[in-house]
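Trainee: One structure follows; several queries about it will come next.
The values are calculated or read from the model by the stated rules, or taken from the named source; none is laboratory data. Computed from a predicted structure; not experimentally measured. Using ideal geometry, Cβ is built from the backbone for each residue, glycine included, and neighbour counts are taken over all protein chains shown. All accessible areas refer to the heavy atoms of the entire protein, side chains included, with ligands and DNA or RNA removed. Shrake-Rupley method; radii C 1.70, N 1.55, O 1.52, S 1.80 Å.
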Amino acid sequence: MAPKNQARETREARERLRLYEARQGLHDRQRRRRRRDDVVGVVALVAVAALATGSQLLYAGSHASQDPTPSASASATATPTPSASATAANTGDVPSRSIAKGRTWTGSLTLNKDVRLGIELDGRRAPQAASVEIDLIRKQFYEGTTCHRLAASADFRFLQCGSANGDGTGDAGFQYGPIENTPKDDRYEKGTIAIARSASTYSQSTQFFIVYGDTTLDGSTGGYTVVGKVTSGLSDLEAEITSKGVEDAGSDGTGTPEVATTITGATIAEQR
């Protein structure tokens, strides 16, 4: 009987191994699919997902699904018109807009330990957004988070960072509005730092995007809060990260940066 028992145990062990490997394979496929779907963030399905999960992805651009090259023309399929939230109010414990004191704040943002960006936040034109960013930087919220989305087309160039979960989802327990300091011509100049959001104008939270080349975004939904600008280091950002391209690009031309990008440091101080 011993050989039979041994054979049965061997078969059971093989079955357990097969089931484990199948679960691992399914998990890996689901993880890759979630990552790919989350970073696209522009099509209508992402708007629905963002509202369901509390993510605040950039509704960036107006692009026909057949053409990954950005254009200024509106596309009903690629860029649905967001509606205001039912309450049109802040949710959670939003940092006080008084933190910024209506002043200019300067600091730095370090990516992958080597790319150091000088930054400036505008507490006068964007008091609420600047106050939130100052508070998050002071609390070291951003350190260890990733820049999960890159746009690298001719007229559509930004790096999106600051997601709590590192994949375009999550927040810091709050969402806020309204939109502040948007460009009148929907043109976000090179060096701009703006706040990402989903459909609601009160869905801003922790995510932001750095424009590394003049970019036109659809302003029909309210635009995006310009909270500040990069004052130095853009050439290093382009050389080390953005010029390396996009992985798994979606129909809008955005995807995960080929160079995995992590925020490894952030500082901020009031300008005297």
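Trainee: On the accessible surface of segment 182-240, probed at 1.4 Å, how many percent belong to carbon and sulfur atoms?
Mentor: 40
Trainee: Just the accessible area per residue of segment 154-195, please: how many Å² with a 1.4 Å probe?
Mentor: Here the per-residue accessible area is 39 Å².
Trainee: Let me ask something additional. Run the quick spin-label model on Ala154 and Thr267: label points 7 Å from Cα toward the beta carbon, then report their separation in nm to one decimal.
Mentor: 4.1
Trainee: Another question about this same structure. Please give the contour-minus-distance gain from Ser243 to Ser220: 0.36 nm per residue of separation, less the Cα-Cα distance, rounded to one decimal in nm.
Mentor: Full-extension gain reported as 5.3 nm.
Trainee: Quote the FRET efficiency, to the nearest 0.05, computed for Arg116 versus Arg138 with a Förster distance R0 of 22 Å and r equal to the Cβ-Cβ distance. Before the final figure, lay out each step's value.
Mentor: On the way: r = 19 Å, r/R0 = 0.85.
Efficiency at R0 = 22 Å is approximately 0.75.
Trainee: Cross-link candidates for Lys190: which lysines have Cα within less than 23 Å, leaving aside residues fewer than 8 places away along the same chain?
Mentor: Cross-link targets: Lys113, Lys229, Lys244.
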